[in-house]
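One structure is given below, encoded as C-alpha coordinates.
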Amino acid sequence: RHNTMKGLVITLFLVTYAFAGINDLFKTQSGEGTYYGDNGGKGSCSLDPTPQAGTKGIDFTVAMNAPQYFGSVSCGSCLKLWGNGEGSGANPIKGNFTVFVDNLCPECKPGDLDVGKKGDGRWKIQWKLIPCPGANTPIEFVLQGSNPWYLKLQVRNTKFPVIKVEAQSGSGFQQMQRTSDNFFTLPSGFPTPVHYPLKVRITSNQDKSIVDNVPKLSNGEVMKGTQQF
(Lines give C-alpha, C1' and ligand atoms only; values in the text may rest on other atoms or scores of the structure.)
Protein backbone atom coordinates (compact mmCIF):
# COMPACT_ATOMS: atom_id res chain seq x y z
CA ARG A 1 0.00 0.00 0.00
CA HIS A 2 2.88 2.33 0.86
CA ASN A 3 4.46 1.77 -2.56
CA THR A 4 1.10 2.37 -4.28
CA MET A 5 0.63 5.69 -2.46
CA LYS A 6 4.23 6.71 -3.22
CA GLY A 7 3.67 5.94 -6.90
CA LEU A 8 0.46 7.99 -6.90
CA VAL A 9 2.21 10.98 -5.32
CA ILE A 10 5.02 10.81 -7.90
CA THR A 11 2.50 10.54 -10.76
CA LEU A 12 0.53 13.55 -9.48
CA PHE A 13 3.74 15.58 -9.16
CA LEU A 14 4.78 14.74 -12.73
CA VAL A 15 1.34 15.67 -14.06
CA THR A 16 1.43 19.03 -12.25
CA TYR A 17 4.95 19.71 -13.53
CA ALA A 18 4.02 18.80 -17.10
CA PHE A 19 0.81 20.86 -16.97
CA ALA A 20 2.71 24.00 -15.96
CA GLY A 21 5.55 23.34 -18.39
CA ILE A 22 3.52 22.58 -21.50
CA ASN A 23 1.28 25.61 -20.99
CA ASP A 24 4.35 27.83 -20.86
CA LEU A 25 4.90 26.85 -24.51
CA PHE A 26 1.92 29.00 -25.53
CA LYS A 27 4.37 31.87 -24.96
CA THR A 28 6.96 32.58 -27.65
CA GLN A 29 10.09 30.46 -27.28
CA SER A 30 13.47 31.31 -28.78
CA GLY A 31 16.30 28.99 -29.72
CA GLU A 32 18.19 27.39 -32.57
CA GLY A 33 16.83 25.30 -35.40
CA THR A 34 18.91 22.47 -36.83
CA TYR A 35 18.26 19.51 -39.17
CA TYR A 36 18.49 15.77 -38.60
CA GLY A 37 16.87 14.24 -41.72
CA ASP A 38 13.58 12.46 -42.38
CA ASN A 39 12.69 9.91 -39.69
CA GLY A 40 9.52 8.70 -41.42
CA GLY A 41 7.43 9.08 -38.27
CA LYS A 42 9.59 6.61 -36.33
CA GLY A 43 10.69 9.00 -33.59
CA SER A 44 10.66 8.78 -29.80
CA CYS A 45 6.96 9.69 -29.77
CA SER A 46 6.03 6.37 -31.46
CA LEU A 47 3.58 8.15 -33.79
CA ASP A 48 3.84 5.71 -36.68
CA PRO A 49 1.79 5.94 -38.80
CA THR A 50 1.56 9.69 -38.39
CA PRO A 51 -1.99 10.76 -37.45
CA GLN A 52 -3.95 13.32 -39.47
CA ALA A 53 -3.09 15.94 -36.85
CA GLY A 54 0.53 15.53 -37.96
CA THR A 55 -0.06 15.76 -41.70
CA LYS A 56 -2.99 18.05 -42.50
CA GLY A 57 -1.86 21.68 -42.51
CA ILE A 58 1.64 20.66 -41.38
CA ASP A 59 4.79 21.83 -43.19
CA PHE A 60 7.21 19.38 -41.55
CA THR A 61 7.93 17.52 -38.31
CA VAL A 62 10.36 18.44 -35.56
CA ALA A 63 12.12 16.86 -32.61
CA MET A 64 11.56 18.68 -29.31
CA ASN A 65 14.48 19.59 -27.08
CA ALA A 66 14.84 17.36 -24.00
CA PRO A 67 13.92 19.92 -21.29
CA GLN A 68 10.64 20.83 -23.06
CA TYR A 69 9.80 17.25 -24.06
CA PHE A 70 8.26 16.89 -20.58
CA GLY A 71 8.49 13.13 -20.51
CA SER A 72 6.60 12.86 -23.87
CA VAL A 73 3.80 15.37 -23.07
CA SER A 74 4.99 17.45 -26.05
CA CYS A 75 4.48 14.51 -28.40
CA GLY A 76 1.76 15.05 -30.97
CA SER A 77 1.60 18.80 -30.38
CA CYS A 78 1.63 21.45 -33.10
CA LEU A 79 3.78 24.56 -33.15
CA LYS A 80 3.90 27.78 -35.12
CA LEU A 81 7.55 28.29 -36.04
CA TRP A 82 9.18 31.27 -37.69
CA GLY A 83 12.67 32.41 -38.61
CA ASN A 84 14.33 35.21 -40.56
CA GLY A 85 17.19 33.18 -41.98
CA GLU A 86 19.71 34.45 -39.43
CA GLY A 87 22.39 31.88 -38.68
CA SER A 88 24.95 29.84 -40.56
CA GLY A 89 24.84 26.96 -43.01
CA ALA A 90 23.42 26.07 -46.42
CA ASN A 91 19.66 25.85 -45.69
CA PRO A 92 18.28 28.85 -43.76
CA ILE A 93 15.04 28.56 -41.80
CA LYS A 94 13.16 31.55 -43.13
CA GLY A 95 9.41 32.20 -43.06
CA ASN A 96 6.43 30.97 -41.06
CA PHE A 97 5.67 27.26 -40.67
CA THR A 98 3.28 24.94 -38.86
CA VAL A 99 5.14 21.93 -37.48
CA PHE A 100 4.32 18.69 -35.64
CA VAL A 101 6.33 17.24 -32.75
CA ASP A 102 7.05 13.53 -33.29
CA ASN A 103 10.52 13.07 -31.81
CA LEU A 104 13.00 13.96 -29.08
CA CYS A 105 16.28 15.82 -29.54
CA PRO A 106 18.32 14.70 -26.47
CA GLU A 107 21.19 17.15 -26.99
CA CYS A 108 19.05 20.22 -27.79
CA LYS A 109 18.77 23.05 -25.28
CA PRO A 110 15.51 24.77 -24.19
CA GLY A 111 14.00 26.61 -27.15
CA ASP A 112 15.81 24.47 -29.74
CA LEU A 113 14.06 22.34 -32.37
CA ASP A 114 15.59 19.74 -34.68
CA VAL A 115 13.83 19.72 -38.06
CA GLY A 116 12.85 16.32 -39.47
CA LYS A 117 14.07 16.85 -43.01
CA LYS A 118 17.37 17.08 -44.82
CA GLY A 119 19.22 20.35 -44.43
CA ASP A 120 22.29 22.05 -43.08
CA GLY A 121 23.03 24.78 -40.59
CA ARG A 122 22.12 26.31 -37.26
CA TRP A 123 19.48 29.03 -37.42
CA LYS A 124 17.79 31.39 -35.00
CA ILE A 125 14.10 30.51 -34.59
CA GLN A 126 11.05 31.37 -32.52
CA TRP A 127 8.00 29.21 -31.95
CA LYS A 128 4.98 28.62 -29.77
CA LEU A 129 2.35 25.96 -29.13
CA ILE A 130 -0.91 26.11 -31.13
CA PRO A 131 -3.96 23.84 -31.54
CA CYS A 132 -3.31 21.24 -34.24
CA PRO A 133 -5.15 22.55 -37.32
CA GLY A 134 -5.67 19.06 -38.75
CA ALA A 135 -7.20 17.51 -35.64
CA ASN A 136 -10.80 17.87 -36.83
CA THR A 137 -11.50 14.14 -36.64
CA PRO A 138 -11.90 12.03 -33.46
CA ILE A 139 -8.98 11.00 -31.30
CA GLU A 140 -7.32 7.65 -31.93
CA PHE A 141 -6.03 4.82 -29.74
CA VAL A 142 -3.11 2.45 -30.26
CA LEU A 143 -2.14 -0.45 -27.97
CA GLN A 144 1.37 -1.85 -27.72
CA GLY A 145 2.30 -5.17 -26.09
CA SER A 146 -1.02 -5.31 -24.27
CA ASN A 147 -2.85 -8.38 -22.97
CA PRO A 148 -5.70 -8.97 -20.48
CA TRP A 149 -3.31 -8.30 -17.56
CA TYR A 150 -1.26 -5.44 -18.98
CA LEU A 151 -2.24 -2.31 -20.89
CA LYS A 152 0.01 0.09 -22.78
CA LEU A 153 -2.17 2.73 -24.42
CA GLN A 154 -1.41 5.65 -26.72
CA VAL A 155 -3.89 8.50 -27.27
CA ARG A 156 -3.18 10.30 -30.55
CA ASN A 157 -4.60 12.70 -33.14
CA THR A 158 -5.46 15.26 -30.45
CA LYS A 159 -5.95 18.99 -30.95
CA PHE A 160 -4.06 19.76 -27.74
CA PRO A 161 -1.37 17.88 -25.78
CA VAL A 162 -2.67 15.17 -23.43
CA ILE A 163 -1.74 15.73 -19.80
CA LYS A 164 -3.54 12.84 -18.15
CA VAL A 165 -5.33 9.58 -18.98
CA GLU A 166 -7.48 7.70 -16.46
CA ALA A 167 -8.98 4.23 -16.89
CA GLN A 168 -12.37 3.32 -15.43
CA SER A 169 -12.27 1.02 -12.45
CA GLY A 170 -15.64 0.23 -10.90
CA SER A 171 -17.57 3.47 -10.45
CA GLY A 172 -14.47 5.68 -10.66
CA PHE A 173 -11.28 6.26 -12.62
CA GLN A 174 -7.64 5.50 -11.85
CA GLN A 175 -4.84 7.61 -13.26
CA MET A 176 -2.53 5.86 -15.69
CA GLN A 177 1.25 6.34 -15.77
CA ARG A 178 2.92 8.08 -18.70
CA THR A 179 5.92 6.52 -20.44
CA SER A 180 8.75 8.35 -22.19
CA ASP A 181 7.69 6.88 -25.57
CA ASN A 182 4.24 8.53 -25.45
CA PHE A 183 2.08 5.75 -23.97
CA PHE A 184 0.19 5.23 -20.73
CA THR A 185 0.25 2.11 -18.56
CA LEU A 186 -2.07 0.93 -15.80
CA PRO A 187 -1.27 1.90 -12.21
CA SER A 188 -0.23 -0.68 -9.66
CA GLY A 189 -3.23 -2.51 -8.23
CA PHE A 190 -5.55 -1.87 -11.16
CA PRO A 191 -8.02 -4.79 -11.35
CA THR A 192 -7.32 -7.33 -14.09
CA PRO A 193 -8.17 -8.85 -16.46
CA VAL A 194 -8.93 -5.65 -18.35
CA HIS A 195 -12.33 -5.71 -20.04
CA TYR A 196 -13.18 -4.00 -23.33
CA PRO A 197 -14.51 -1.64 -24.41
CA LEU A 198 -12.52 0.20 -21.74
CA LYS A 199 -13.78 3.64 -20.73
CA VAL A 200 -11.02 6.25 -20.35
CA ARG A 201 -11.05 9.89 -19.32
CA ILE A 202 -8.51 12.06 -21.15
CA THR A 203 -7.44 15.53 -19.99
CA SER A 204 -5.71 18.08 -22.21
CA ASN A 205 -3.39 20.93 -21.25
CA GLN A 206 -6.49 23.16 -21.51
CA ASP A 207 -7.77 21.29 -18.44
CA LYS A 208 -10.64 19.96 -20.54
CA SER A 209 -11.61 16.30 -20.12
CA ILE A 210 -13.35 13.99 -22.56
CA VAL A 211 -14.57 10.43 -21.97
CA ASP A 212 -14.22 7.83 -24.71
CA ASN A 213 -13.88 4.05 -25.12
CA VAL A 214 -10.91 1.97 -26.18
CA PRO A 215 -12.95 -0.43 -28.31
CA LYS A 216 -10.97 -3.67 -28.10
CA LEU A 217 -7.69 -5.41 -27.33
CA SER A 218 -5.82 -5.17 -30.63
CA ASN A 219 -2.10 -4.33 -30.58
CA GLY A 220 -0.73 -2.09 -33.33
CA GLU A 221 -4.12 -1.19 -34.80
CA VAL A 222 -5.11 2.46 -35.05
CA MET A 223 -8.58 2.49 -33.43
CA LYS A 224 -10.92 5.44 -33.81
CA GLY A 225 -12.52 7.11 -30.84
CA THR A 226 -15.60 9.30 -30.97
CA GLN A 227 -14.46 12.49 -29.16
CA GLN A 228 -12.08 15.41 -29.71
CA PHE A 229 -11.04 18.37 -27.55
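The values are calculated or read from the model by the stated rules, or taken from the named source; none is laboratory data. This is a predicted model, so every value here is computed, not measured. Counting neighbours? That spans all protein chains shown, and the Cβs are built from the backbone with ideal geometry, glycine included. Side chains included, ligands, DNA and RNA excluded: accessible areas come from the protein's heavy atoms. Shrake-Rupley method; radii C 1.70, N 1.55, O 1.52, S 1.80 Å.
So that you can scan it fast, the table gives a plain yes or no per residue for (1) at pLDDT 95 or above; (2) charged (D, E, K, R); (3) within 15 Å of the chain's Cα centre (by Cα); (4) surrounded by 23 or more Cβ atoms within 10 Å (Cβ to Cβ):
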residue: Thr137; (1), (2), (3), (4): yes, no, no, no
residue: Lys152; (1), (2), (3), (4): yes, yes, yes, no
residue: Pro161; (1), (2), (3), (4): yes, no, yes, yes
residue: Leu186; (1), (2), (3), (4): yes, no, no, no
Legend entry - Number of the condition not met by Asp207 [criteria: (1) within 20 Å of Pro131 (Cβ to Cβ); (2) open to solvent by less than 60 Å² (accessible area, probe 1.4 Å)]: (2)
Inset, instruction - Filter the stretch 37-57 down to residues that are part of a loop (DSSP other than H, G, I, E, B) and either touching a Leu at 6+ places or on another chain (Cβ under 7 Å) or in contact (Cβ under 8 Å) with a residue 60 or more places away in the chain (or both), then give me how many there are. - result: 14
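Specify the residue that is nearest to Pro106 (Cα to Cα); the eligible residues are those in the stretch 60-96 that are polar (S, T, N, Q) and without any contact (Cβ under 8 Å) to a residue 40 or more places away in the chain. Quick ask: steps written out before the conclusion?
Keep residues of the stretch 60-96 that are polar (S, T, N, Q), which gives 61, 65, 68, 72, 74, 77, 84, 88, 91, 96.
This time we only want the ones that are without any contact (Cβ under 8 Å) to a residue 40 or more places away in the chain, so: 88, 96.
Details: Ser88: 22, Asn96: 25 Å.
The selected residue is Ser88.
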Inset, instruction - Being within 21 Å of the chain's Cα centre (by Cα), crowded, with 17+ Cβ neighbours inside 10 Å, within 23 Å of Ser72 (Cα to Cα) and not aliphatic (A, V, I, L, M) narrows it down to one of Gly220, Gly225, so name that one. - result: Gly225
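Scan the stretch 213-220 and tell me whether some residue there is closer than 25 Å to Asn23 by Cβ, in a loop (DSSP other than H, G, I, E, B) and modelled with pLDDT of 95 or more.
Scanning the stretch 213-220, I find no residue that is closer than 25 Å to Asn23 by Cβ, in a loop (DSSP other than H, G, I, E, B) and modelled with pLDDT of 95 or more, so the answer is no.
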Inset, instruction - Tell me which of these Ile22 doesn't satisfy, since it passes every other one: (1) at positive phi; (2) of a type in the set (A, V, I, L, M, F, W, C); (3) touching a Ser or Thr at 6+ places or on another chain (Cβ under 8 Å). - result: (1)
Inset, instruction - Looking for whichever is touching a Ser or Thr at 6+ places or on another chain (Cβ under 7 Å) and under 16 Å from Tyr36 (Cβ atoms) here; the options are Asp120, Asp102. Which one fits? - result: Asp102
